[in-house]
Amino acid sequence: MSSIFSIFFVLFLWWFLTGIILYTAKRLDLGDSKSRLTVVIVTLPLFFCAWYFYYHCLNGMSYSDIFCTFMASLFIWGWVELTFLTGVVAGIPLLEKREEDRDTERDRFINGFRSIALNECLLISCLFLMALLSIGKENNFGLTTFLILYVARVSAKLNLFFGVPYINLHFLTAPLKHIATFCRVAPVGFFFIASTIMLCLMFVFLVGFTYSAQAMSELQFGYLLLSTLSALAVLEHLFMALPFKDATLWNWMLPSLSKSPEAITLGKTKSNFPKESKNELR
């Protein structure tokens, strides 16, 4: 299979699946909580089918087996992401704050984690089950796919907590609008630099495996898929530091909501760094 085709296919898949999930979640902002739950339940068979194909292809190392586990991991991830954006499986109630209490970094971190706790538990459970099913199996590309997505997600959320120059709030759905209060607009800091370097090293590591594998082999195909996915993880981090409006990649395909959710604003920002400008809140 052509390397160029594989790279562009992963890019298209990333863009298209993200768009479908965002469209569905934003469209449901026009409905109520029952409609969100209904969509999650209706799409549940896709989730179970993905698990079936993931397990079924673990013993093979053909092009189809590698591609199947890769796609299965993406669909499993996508369904869990849908449960998050719809608010069906998101977090637990936040800690109550008395009027005289002042927000501390500890409280902000705890409440920020509580707002996504259930979804994180679901993701970790999926990752654990994938690892368990992969023990003694030859094909670990699906497991590595999910692991890359999870590491990039955790890194991105921690960066939003510690502070980055550019934050895209446009894709937050109505059930998740409170999460914006745990994000911070701030200059690039140590954690962003360290996490981005870590992702870059992961990309270089996978590219090395890609080129060391036999040309046009099944193994090279699998590492090429992972390399492209890790490159996208780096790109998504760079979007938080560069004045590029990544929302334009999907805005055209999202529904125009006549009953838009309440305005979303950020909570705390670091001192001497402007809270709002044309570029910082996207």
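Condition check: out of contact with any strand residue (DSSP E or B) (no Cβ under 7 Å at 6 or more places or on another chain) and in a loop (DSSP other than H, G, I, E, B). Does L58 satisfy that?
On the way: out of contact with any strand residue (DSSP E or B) (no Cβ under 7 Å at 6 or more places or on another chain): yes; in a loop (DSSP other than H, G, I, E, B): yes.
So L58 passes the test.
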Only unsatisfied item for S73, checking (1) at pLDDT below 95; (2) in contact with a Ser or Thr (Cβ under 8 Å, 6 or more places away or on another chain); (3) among the polar types (S, T, N, Q), is (1)
Within the stretch 221-245, restricting to residues that are of a type outside the set (A, V, I, L, M) and in contact with a Ser or Thr (Cβ under 6 Å, 6 or more places away or on another chain), the one that is farthest from S195 (Cα to Cα) is Y223
Those residues of the stretch 34-61 which are touching a residue at least 24 places away in the same chain (Cβ under 8 Å), more than 18 Å from S125 (Cβ to Cβ) and in contact with a Cys (Cβ under 9 Å, 6 or more places away or on another chain) amount to C57, G60
Every listed condition ((1) surrounded by fewer than 16 Cβ atoms within 10 Å (Cβ to Cβ); (2) closer than 21 Å to W77 by Cα; (3) not aromatic (F, W, Y)) holds for M216 save (2)
Filtering the stretch 1-30 for residues that are surrounded by 15 or more Cβ atoms within 10 Å (Cβ to Cβ), over 30 Å from S217 (Cα atoms) and of a type outside the set (K, R) leaves a count of 7
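Which of the residues belonging to the stretch 105-144 are more than 12 Å from the chain's Cα centre (by Cα), outside any loop (DSSP other than H, G, I, E, B), within 21 Å of L226 (Cβ to Cβ) and not small (G, A, S)? Show your work before the answer.
Pass one, the stretch 105-144, residues more than 12 Å from the chain's Cα centre (by Cα): 105-118, 121-122, 124-144.
Filter once more, so that each one left must be outside any loop (DSSP other than H, G, I, E, B): 105-114, 117-118, 121-122, 124-134, 141-144.
Next, from what is left, pick out any that are within 21 Å of L226 (Cβ to Cβ): 124, 126-134, 141-144.
The answer is I124, C126, L127, F128, L129, M130, L132, L133, F141, L143, T144.
Quick one: in the stretch 147-195, which of the residues that are part of a helix (DSSP H, G or I) and among the charged types (D, E, K, R) is nearest to G87 (Cα to Cα)? Give the steps one after another, and end with the answer.
Filtering the stretch 147-195 down to residues part of a helix (DSSP H, G or I) leaves 147-162, 174-182, 190-195.
Those still in the list that are among the charged types (D, E, K, R) too: 153, 157, 177.
Details: R153: 17, K157: 17, K177: 10 Å.
Checked the stretch 147-195; the qualifying residue nearest to G87 (Cα to Cα) is K177.
Hey, among G208, G222, which residue is assigned to a helix (DSSP H, G or I), small (G, A, S) and without any contact (Cβ under 8 Å) to a residue 24 or more places away in the chain? Quick ask: steps written out before the conclusion?
Details: G222 fails: without any contact (Cβ under 8 Å) to a residue 24 or more places away in the chain.
After applying the criteria, what remains is G208.
The values are calculated or read from the model by the stated rules, or taken from the named source; none is laboratory data. For clarity, every value in this text was computed on a predicted model and none was experimentally measured. Using ideal geometry, Cβ is built from the backbone for each residue, glycine included, and neighbour counts are taken over all protein chains shown.
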